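Right, one structure below, let's go through it.
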Amino acid sequence: MEDPRPYVAILLFESSSPSPGYRPLYREDIALVYAEGHERAVERARAHGLAQECTVYNDLGEAITLRLIEVVDVNEPLDEDLGGGTADLYARHFYDLDAWRRVETSLDQ
């Protein structure tokens, strides 16, 4: 049996509510999972995401449900040494910078 290796998993979640006017909110998580091969890493990433699914109530008493939409990607980290102070974990490439800016909410701050 292989020793567990690190994998980076990208998980997509949706936060929704049946309350009138509630606008769904989407969340992209980057998780580190250890597994004995890629297939097992995908299984562990999915289990990790499903374990986060829940329904909570906000201050207005509205039910807010978090659910895993999909495991977007699972890959080995870019750097093999994760204990050296810094490490590159994942890179994503795209062609449309304007589309990225529309979804990157941290730029609104």
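Which is open to solvent by less than 90 Å² (accessible area, probe 1.4 Å), in contact with a Leu (Cβ under 8 Å, 6 or more places away or on another chain) and of a type in the set (A, V, I, L, M), of LEU66, LEU32, LEU78?
On the way: LEU66 fails: in contact with a Leu (Cβ under 8 Å, 6 or more places away or on another chain); LEU78 fails: open to solvent by less than 90 Å² (accessible area, probe 1.4 Å).
Residue meeting the stated conditions: LEU32.
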Could you tell me which of the residues GLY49, GLY61, GLY37 is within 11 Å of the chain's Cα centre (by Cα) and not aromatic (Phe, Trp, Tyr)?
GLY49
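Take PRO4 and decide whether it is within 29 Å of ASP59 (Cα to Cα) and open to solvent by 20 Å² or more (accessible area, probe 1.4 Å).
Considered against the rule, which asks whether it is within 29 Å of ASP59 (Cα to Cα) and open to solvent by 20 Å² or more (accessible area, probe 1.4 Å), PRO4 comes out as no.
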Among (1) open to solvent by 80 Å² or more (accessible area, probe 1.4 Å); (2) over 23 Å from TRP100 (Cα atoms); (3) of a type in the set (Ser, Thr, Tyr); (4) at pLDDT below 95, the one test that TYR22 misses:
(1)
Would you confirm whether any residue within the stretch 42-50 is open to solvent by 80 Å² or more (accessible area, probe 1.4 Å), free of Cβ contacts under 8 Å to residues at least 60 places away in the same chain, in contact with a Leu (Cβ under 7 Å, 6 or more places away or on another chain) and in a helix (DSSP H, G or I)?
yes
With respect to GLU80, is the statement that it is closer than 30 Å to MET1 by Cβ, acidic (Asp, Glu), without any contact (Cβ under 8 Å) to a residue 24 or more places away in the chain and in a helix (DSSP H, G or I) true?
no
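The values are calculated or read from the model by the stated rules, or taken from the named source; none is laboratory data. Keep in mind that this is a model prediction, so the values were computed, not measured. Here the Cβ is made from the backbone with ideal geometry for all residues, glycine too, and neighbour counts use every protein chain on show. Note: areas computed on protein heavy atoms with side chains; ligands, DNA, RNA excluded. Shrake-Rupley method; radii C 1.70, N 1.55, O 1.52, S 1.80 Å.
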